[in-house]
Amino acid sequence: MRGPAVGVVGGGRASRSLLVRSLAFVFLATFLWLQVHVINLTSRDWSSQPVVNESLYALVPQELHRFLKERRGNGTGLGAQANGTSSQQELSERDIAEIRRQIERANAEQRVHNEEAFGPLASDAPVIVVQVHDRLTYLRHLIISLAQARGIEQVLLVFSHDVWNADINYLVQNVDFCRVMQIFYPYSIQTHPRSFPGESANDCPRNIRKEQALSLGCTNAQHPDLYGHYREAKFTQTKHHWWWKANRVFDQLSATRNHTGMVLFLEEDHYVAEDFLHVLRLMERTCRHSCERCNVLSLGTYLKTYNYYADFSKKAEVIPWISSKHNMGMAFNRATWSKIRKCAAQFCSYDDYNWDWSLQHIAQSCLSPSRGAGILPRLDSGLITMMMRAPRVFHIGECGVHHKKANCESTTVIAKVQNVLRSARSSLYPSQLSLTVASVSKKTKLRKGNGGWGDVRDHELCLNMTIASGAA
């Protein structure tokens, strides 16, 4: 009996020893795994911070690298959308309420940053208004190009946002080369994600037939667009935002309410030449002396190739304003705005979700056509543009609302624009402009709208922006 008992005891000791070693091994392995996991988490936290492509630094002068640097930390107390991610669902009701409070406070304050350094804005100085959504990289390079422009210290630079984004706000608030103001479109999808002018649960689906919509009883069943589709908030927002900011800048802001100079409209994915302000001033003077009926200045074109040599850099073409050709880097003054504003009802009810096509519509149907002697023949448009043949504003956006590509990297396009401007440097800063009048062989037909703007709620919201500005 003793023998087997001894064997059992010996086997128990061996088993316990093996168990201890196994436990020690598991403990050590777990400890090492935890250490590695913590390191990986830490690395992930760092790598989750937006990192600017190193190749972009090579495109930017050393002294302007500060505009490529990221904000330190993302702790703002707001949801992910406020820090730059695109998911609207990640914003809580509390986040939305806080963003609305921040927007209301900023719009009421109307603070002009850097005014103590540059002094009050001259009444005839250029005002530059940039419409901003959420494309941070493009906006960085627009700001960098503005920083290198001669005469930039004279302007007021207004950033008009339809997204409250901590990273974008940080970038804008670090602009130190001119007066800066931020305004925030208060009726955005971000602040109204589940109600109009965002999309509510009872809105009609885009592609449902009107008979089905009426049967369903969805909110806007009676108002499809001219193609039978129902509204999509992501498309209607851009036209609303453009109209709101124009009303805001010309009629509501204390800093610009009595401004008499040019207001230049840019977007976040534009890039300017270093002499764009010089050319803008030159175009303004040329209008007064040689083309009084020119009421819109266009500094950009959508050409794929550019010619700045010989006399081409100083050539400007006079032509009726065409939305698809002259909407980039366009500028006009208060006199032109007053005429546009009187056509608010037609602008706001035209069934096209594009602000520029809507502007062309009122130019042909509401604004008085251009008449008289001088260099211009009779033209059937109320908007006549003077367009630079060699552009001073470029489009660098590869992706946006209407265009999606597998690769949205901006480096290639920015490098191309910079090479064009570097080659043309000796031809910049012309002392005068050479005007040519484009031949207009026949009357332009009124075009059918692109749709997307059939909902009467959009018409009313748009029109109310003008009424609220104090204009009938």
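Computed with a 1.4 Å probe over protein heavy atoms only, the accessible area of Trp244 comes to about 20 Å². For Phe196, the accessible surface of its heavy atoms amounts to roughly 60 Å² (probe 1.4 Å, protein chains only, rounded to the nearest 10). Using the Cβ-Cβ distance between Asp311 and Ala415 with R0 set to 25 Å, the FRET efficiency from 1/(1 + (r/R0)^6) comes to roughly 0.35.
Checked against a 31 Å cut-off, the cross-linked pairs Lys210/Lys325; Lys325/Lys416; Lys239/Lys304; Lys314/Lys448; Lys339/Lys445 give Cα-Cα distances beyond that limit for Lys210/Lys325; Lys314/Lys448. Between Leu214 and Ser365, the FRET efficiency from the beta-carbon distance, with R0 = 22 Å, is close to 0.10.
Applying 0.36 nm per residue to the separation of Ser123 and Ser195 and subtracting their alpha-carbon distance, the gain on full extension is 21.9 nm. For the peptides 460-466, 292-298, the ranking by packing is 292-298, 460-466, with the highest mean count of neighbouring Cβ atoms within 10 Å listed first. The listed residues Thr236, Thr412, Thr137, once ranked by accessible area (1.4 Å probe) with the largest placed first, stand as Thr412, Thr137, Thr236. Maximal additional length on extending the Ser55-Glu460 stretch stands at 141.1 nm, based on 0.36 nm per residue less the C-alpha distance.
The values are calculated or read from the model by the stated rules, or taken from the named source; none is laboratory data. Bear in mind that the values here come from a model prediction, so they are computed numbers and not experimental data. For neighbour counting, all protein chains shown are included, and Cβ atoms are generated from backbone atoms with ideal geometry for every residue, glycine included. With ligands, DNA and RNA removed, areas are computed over all heavy atoms of the protein, side chains included. Shrake-Rupley method; radii C 1.70, N 1.55, O 1.52, S 1.80 Å.
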